[in-house]
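**Q** Handing you this structure, nothing more for now.
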Amino acid sequence: MKDHSNLDTATAVIHAGQHPDPTFGGVSMPIYQSSTFVFKDAAQGAARFAGREDGYIYTRIGNPTTKAFEDNIAYLEHGYGGLATATGMAALSTLLMALLDKDAHIIGTDAVYGPSRMLVEVFFAKFGVEYDYVDTSDLDAIKACIRPNTRVLFVETPANPTMSISDIRACAELAHEHGITFMVDNTFASPILQNPLDLGADIVYHSVTKFINGHSDICGGVIVPKTKELFDQIKKSLVYNGGTMDPHQSWLALRGVKSLALRVDKSQENAIKLAKYLEEHSKIAWVNYPGLPSHPQYELAKQQMRGPGSLLCFGLKGGFAAGEILINSMNLAALAVSLGGLESLIQHPASMTHAGVPREKREQAGITDDLVRISVGCESYEDQRADLEQALNKVD
Ligand code: LCS
């Protein structure tokens, strides 16, 4: 096997964890579309189950195509290993099952992806789990709700959809002072722009559905813990709950991740220009984008991220009535949820991605009715701007 240590990120997305197929030498990892793997004899089967011998057993427990994808992301996130899951939500539920006990308390970012909050508030609460979702960009707000039974601090930064930014290093220090496990949803930044484990987080996870795969054709998730101890604990939760990634899905994710650096660079370049264009537009009331000096955590974003990314949100002076006209008038950007794909997508969080969060909690988290979110894609900037311009012209 070739030595793949110390690769630059742009190289690592293509090569990390990848080795030519040992059977025929295929450059692209084959899809090992097999649910189970033959043992040469009973002793080998027993040795694999006992962990005395490496090798595959059963695809829910491990699969070569999935492993190639997991190794790639573990390398990109500088962690102990990767655990690929069926969706981003499967990653979160796997983590919560692994880390929470009955009557444990969790603190999370209030402006998270709606279902990431409701999973805890609706389902984990049934087992006695207590929670506080607060503005985690405010360290005092976190401190104020730490309890003796707090087990997990869970931060999404940048947050979906407000683009609010939490200080990863400070959150890690605070969590560790209190013996709390600190995990970060790094979906919006991707490993190209931010590596939470390097800033002190214990676990990082992604919705692979977004930037990592990047082609809006699969759902997926991945978890990267920092230590072997956490990896083993979370792997057990994943193998028992069964939310593993399928080999064909892993193969697509592996194909997608190879262009991650290129896609993030291009979409970010477009987003920087579009954010400025929108901020200067007479019909726009506000824009929240970490690449604009007007963003409340602009300096923090510069410190902990390698770029502001390609998600932004804004409100029109005419409120949501104007936003609705705008959204309905876009030609190029599709009116669809999800993000991080090659194509630009536009949506209205209060009535779509975050509709499941009760209005009062949503508004407290800054997810106001006028908020429109754009995931800026890799089309030409000129076409993207022209699309927005013709739609804004239709707004009074
Ligand atoms: N984390 C973040 C930050 C997300 O944005 C999403 C999905 C998830 C986790 C869950 O991942 P999934 O299970 O969907 O792979 N966000 C979506 C969004 O903003 N629109 O549609 C899905």
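The values are calculated or read from the model by the stated rules, or taken from the named source; none is laboratory data. It should be emphasised that the depicted structure is a prediction, and the values quoted were computed from it without experimental measurement. Every residue, glycine as well, gets a Cβ built from its backbone with ideal geometry; the counts of neighbours run over all protein chains shown.
**Q** Quick check: is even one residue across the stretch 163-172 among the hydroxyl-bearing types (Ser, Thr, Tyr), within 14 Å of the chain's Cα centre (by Cα) and within 13 Å of the ligand (Cβ to nearest atom)? Break it down stepwise before answering.
**A** To start, the set of residues in the stretch 163-172 that are among the hydroxyl-bearing types (Ser, Thr, Tyr) comprises 164, 166.
Next, only the ones that are within 14 Å of the chain's Cα centre (by Cα) stay: none.
There is no residue in the stretch 163-172 that is among the hydroxyl-bearing types (Ser, Thr, Tyr), within 14 Å of the chain's Cα centre (by Cα) and within 13 Å of the ligand (Cβ to nearest atom).
**Q** From the list Ile180, Ile192, Ile203, Ile223, which residue is at pLDDT 95 or above, more than 10 Å from the ligand (Cβ to nearest atom) and either out of contact with any Gly (no Cβ under 9 Å at 6 or more places or on another chain) or on the phi > 0 side of the Ramachandran plot (or both)?
**A** Numbers: Ile192 fails: either out of contact with any Gly (no Cβ under 9 Å at 6 or more places or on another chain) or on the phi > 0 side of the Ramachandran plot (or both); Ile203 fails: either out of contact with any Gly (no Cβ under 9 Å at 6 or more places or on another chain) or on the phi > 0 side of the Ramachandran plot (or both); Ile223 fails: either out of contact with any Gly (no Cβ under 9 Å at 6 or more places or on another chain) or on the phi > 0 side of the Ramachandran plot (or both).
Every option except Ile180 fails the conditions.
**Q** Moving on. So how many residues does the stretch 251-261 have that are in contact with a helix residue (DSSP H, G or I) (Cβ under 8 Å, 6 or more places away or on another chain) and part of a helix (DSSP H, G or I)? Spell out the reasoning first.
**A** Here is the first cut: in the stretch 251-261, the residues in contact with a helix residue (DSSP H, G or I) (Cβ under 8 Å, 6 or more places away or on another chain) are 251, 253-254, 257-261.
Now restrict to residues that are part of a helix (DSSP H, G or I): 251, 253-254, 257, 260-261.
Result for the stretch 251-261: 6.
**Q** Looking at Phe127, Phe69, Phe123, which is the one that is surrounded by fewer than 14 Cβ atoms within 10 Å (Cβ to Cβ), within 16 Å of the ligand (Cβ to nearest atom) and of a type outside the set (Gly, Ala, Ser)?
**A** Working: Phe127 fails: within 16 Å of the ligand (Cβ to nearest atom); Phe69 fails: surrounded by fewer than 14 Cβ atoms within 10 Å (Cβ to Cβ).
Of the residues listed, the single one that is surrounded by fewer than 14 Cβ atoms within 10 Å (Cβ to Cβ), within 16 Å of the ligand (Cβ to nearest atom) and of a type outside the set (Gly, Ala, Ser) is Phe123.
**Q** Restricting to the stretch 15-60, and then to whatever is β-branched (Val, Ile, Thr) and at pLDDT 95 or above, can you tell me which residue is surrounded by the most Cβ atoms within 10 Å (Cβ to Cβ)? Even if it seems obvious, please write down each step before you answer.
**A** At the first step, the residues of the stretch 15-60 found to be β-branched (Val, Ile, Thr) are 23, 27, 31, 36, 38, 57, 59.
Okay, now just the ones that are also at pLDDT 95 or above, so 31, 36, 38, 57, 59.
Working: Ile31: 17, Thr36: 11, Val38: 8, Ile57: 14, Thr59: 21.
Taking the candidates together, the pick is Thr59.
**Q** If you don't mind, there's one more thing I want to ask. Could you say whether any residue in the stretch 12-30 is outside any loop (DSSP other than H, G, I, E, B) and touching a helix residue (DSSP H, G or I) at 6+ places or on another chain (Cβ under 6 Å)? Don't jump to the end; show me each part of the working.
**A** Quick first cut of the stretch 12-30, residues outside any loop (DSSP other than H, G, I, E, B) only: 12-15.
Of the ones still in play, those that are also touching a helix residue (DSSP H, G or I) at 6+ places or on another chain (Cβ under 6 Å) are 12-13.
Yes, there is a match, as at least one residue in the stretch 12-30 is outside any loop (DSSP other than H, G, I, E, B) and touching a helix residue (DSSP H, G or I) at 6+ places or on another chain (Cβ under 6 Å).
**Q** Which of the residues spanning the stretch 44-63 are in a helix (DSSP H, G or I) and either outside the structural domain of Asp198 (by TED's automatic domain parsing) or under 17 Å from Lys236 (Cβ atoms) (or both)?
**A** So the first thing to find is which residues in the stretch 44-63 are in a helix (DSSP H, G or I), and the list is 44-49.
Arg48, Phe49, listed by residue number.
**Q** May I ask you to verify whether Val372 is modelled with pLDDT of 95 or more, in contact with a Gly (Cβ under 9 Å, 6 or more places away or on another chain) and among the hydrophobic types (A, V, I, L, M, F, W, C)?
**A** Values: modelled with pLDDT of 95 or more: yes; in contact with a Gly (Cβ under 9 Å, 6 or more places away or on another chain): yes; among the hydrophobic types (A, V, I, L, M, F, W, C): yes.
When the stated conditions are applied, Val372 passes them.
**Q** Do we find a residue being within 16 Å of the ligand (Cβ to nearest atom) and touching a residue at least 60 places away in the same chain (Cβ under 8 Å) anywhere in the stretch 315-323? Break it down into steps so the answer makes sense when it comes.
**A** To start, the set of residues in the stretch 315-323 that are within 16 Å of the ligand (Cβ to nearest atom) comprises none.
Scanning the stretch 315-323, I find no residue that is within 16 Å of the ligand (Cβ to nearest atom) and touching a residue at least 60 places away in the same chain (Cβ under 8 Å), so the answer is no.
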